[in-house]
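Have a look at the structure below before the remarks.
The values are calculated or read from the model by the stated rules, or taken from the named source; none is laboratory data. Note that this is a predicted model, so its numbers are computed, not measured. Cβ sites come from the backbone with ideal geometry, for glycine too, and all protein chains shown count toward neighbours. Ligands, DNA and RNA are stripped out before the accessible areas are found, and what is left, the full protein with its side chains, is counted by its heavy atoms. Shrake-Rupley method; radii C 1.70, N 1.55, O 1.52, S 1.80 Å.
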Amino acid sequence: QSAIFNFQSLLTVVLLLICTCAYIRSLAPSLLDKNKTGLLGIFWKCARIGERKSPYVAVCCVVMAFSILFVQ
């Protein structure tokens, strides 16, 4: 199944997107800050979520990793 139809795969893709955008913004803030609106604004919003909700995102990543490694 594709990641769109499998809920766990969709959550994994979203978590990876949030973590990747937050990491890229920590390295090169101007890369994401110039695209705050439009289609590329999604990446800026994911970076903001990763920065502001980082403890919750980290817990979700650990839970997702545990479920992928030991439950499946």
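Residues in the range 1-28 that are over 17 Å from Cys60 (Cα atoms) and open to solvent by 70 Å² or more (accessible area, probe 1.4 Å): 5 in all.
When Cys46 is tested against (1) of a type in the set (A, V, I, L, M, F, W, C); (2) open to solvent by 50 Å² or more (accessible area, probe 1.4 Å); (3) at pLDDT 90 or above; (4) under 13 Å from the mean Cα position of the chain (by Cα), just one condition goes unmet, and that condition is (2).
Only residues that are open to solvent by 60 Å² or more (accessible area, probe 1.4 Å) and either among the aromatic types (Phe, Trp, Tyr) or under 17 Å from Leu16 (Cα atoms) (or both): list them for the range 29-43, please. Once the filter is applied, which keeps residues that are open to solvent by 60 Å² or more (accessible area, probe 1.4 Å) and either among the aromatic types (Phe, Trp, Tyr) or under 17 Å from Leu16 (Cα atoms) (or both), the range 29-43 yields Leu40, Ile42, Phe43.
Taking the condition of a type in the set (A, V, I, L, M, F, W, C), open to solvent by 60 Å² or more (accessible area, probe 1.4 Å) and either touching a residue at least 24 places away in the same chain (Cβ under 8 Å) or touching a Lys or Arg at 6+ places or on another chain (Cβ under 7 Å) (or both), does Ile68 pass?
On the way: of a type in the set (A, V, I, L, M, F, W, C): yes; open to solvent by 60 Å² or more (accessible area, probe 1.4 Å): yes; either touching a residue at least 24 places away in the same chain (Cβ under 8 Å) or touching a Lys or Arg at 6+ places or on another chain (Cβ under 7 Å) (or both): yes.
Answer is yes for this residue.
What about Ala22, is it of a type in the set (A, V, I, L, M, F, W, C) and touching a Lys or Arg at 6+ places or on another chain (Cβ under 7 Å)? In short, no.
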